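Before any comments, here is the structure.
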Amino acid sequence: MNPFGARVTQLSFKRLPEEHADVMLRAGKLFLQSRSRRKPVPYLIGAVIFGVVCGVGIEAFRQFVLAPYFGINALPTIQVVAFEMLPVMLAIAAGAVIQREIVRRGRRKRLIASLAENVMIDVDIYERGMETSIGGVFAYCSWPAFRDVQMEKNAITFFRDDALFSIPARAFKDRKEFEARGQEIVDLWKRARSSVRAEPPRAEPQRSEPLRKDPPPLDLGGETRH
């Protein structure tokens with residue numbers, strides 16, 4: 001009998017290089033990003049303080065250095081300079097965004113070209129886990145091993161600490177079956193995770209110490225007492 005229990009459903013689909021590239025890029029972004037839960041408030045306060053200090057410093061430089069030492073009195077205020085520089089800053093920001101998008105698209109295009117086509121993926125969903133076969137390589141995973149399972153718009157995505165796997169909606173017969181089976185898979189994962197959290201921690205077995213025997217009384221007279 002399969003250790004994962006009864007089979008719930010069986011799926012087979014051809015992996016598309018475009019979809020696989022998107023999953024790989026998403027996994028890389030997910031695993032490389034920081035998982036810290038630090039609140040952004042201190043950073044925001046620091047940025048505001050930095051901006052205030054810079055503004056006060058520039059204004060002080062204009063009033064106490066340029067005017068008395070260089071005789072430059074007719075200078076625009078900070079507000080005028082900021083509004084004059086606004087189009088330049090927006091142009092720099094737009095150029096950075098466009099350049100980043102060009103690099104991202106080029107990287108994705110090269111990744112798609114490097115991936116093999118016509119790779120078949122077989123997925124067996126069981127009560128207590130799933131089995132996948134990608135190009136003849138089998139992998140088994142129980143439900144508690146997944147950190148998260150999400151029902152997304154066009155796929156069911158399985159998250160592990162070291163991997164990311166998706167079953168596209170096109171692997172199912174129609175949209176109705178995708179939504180029904182997808183919700184069933186998510187429920188299986190949730191029940192498995194809940195049961196693991198509900199289990200009490202196992203107590204370590206206590207080591208039994210050997211009984212200590214009292215030594216026989218000393219015969220100070222040299223004779224054994226009966």
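Brief remarks follow.
- Contact map, the range 94-111: first residue among the charged types (D, E, K, R) and modelled with pLDDT under 90, second residue surrounded by 10 or more Cβ atoms within 10 Å (Cβ to Cβ) and in a helix (DSSP H, G or I), Cβ cut-off under 7 Å, separation 6 or more or different chains; pairs are 108/21; 108/25.
Conditions (1) farther than 28 Å from residue 25 by Cβ; (2) surrounded by 15 or more Cβ atoms within 10 Å (Cβ to Cβ); (3) of a type in the set (Gly, Ala, Ser); (4) without any contact (Cβ under 8 Å) to a residue 12 or more places away in the chain, marked per residue:
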site: 138; (1), (2), (3), (4): no, no, no, yes
site: 150; (1), (2), (3), (4): no, no, no, no
site: 155; (1), (2), (3), (4): no, yes, yes, no
site: 165; (1), (2), (3), (4): no, yes, no, no
site: 173; (1), (2), (3), (4): yes, no, no, yes
site: 176; (1), (2), (3), (4): yes, no, no, yes
site: 193; (1), (2), (3), (4): no, yes, no, no
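- The condition (being of a type outside the set (Lys, Arg) and surrounded by fewer than 11 Cβ atoms within 10 Å (Cβ to Cβ)) is satisfied by just one residue among 131, 117, 127: 117.
- Set 50, 83, 61, 31: member being at pLDDT below 70 and either in a helix (DSSP H, G or I) or within 30 Å of residue 109 (Cβ to Cβ) (or both): 83
The values are calculated or read from the model by the stated rules, or taken from the named source; none is laboratory data. The structure presented is a predicted model; accordingly, all values stated were derived computationally and were not measured. Counting neighbours? That spans all protein chains shown, and the Cβs are built from the backbone with ideal geometry, glycine included.
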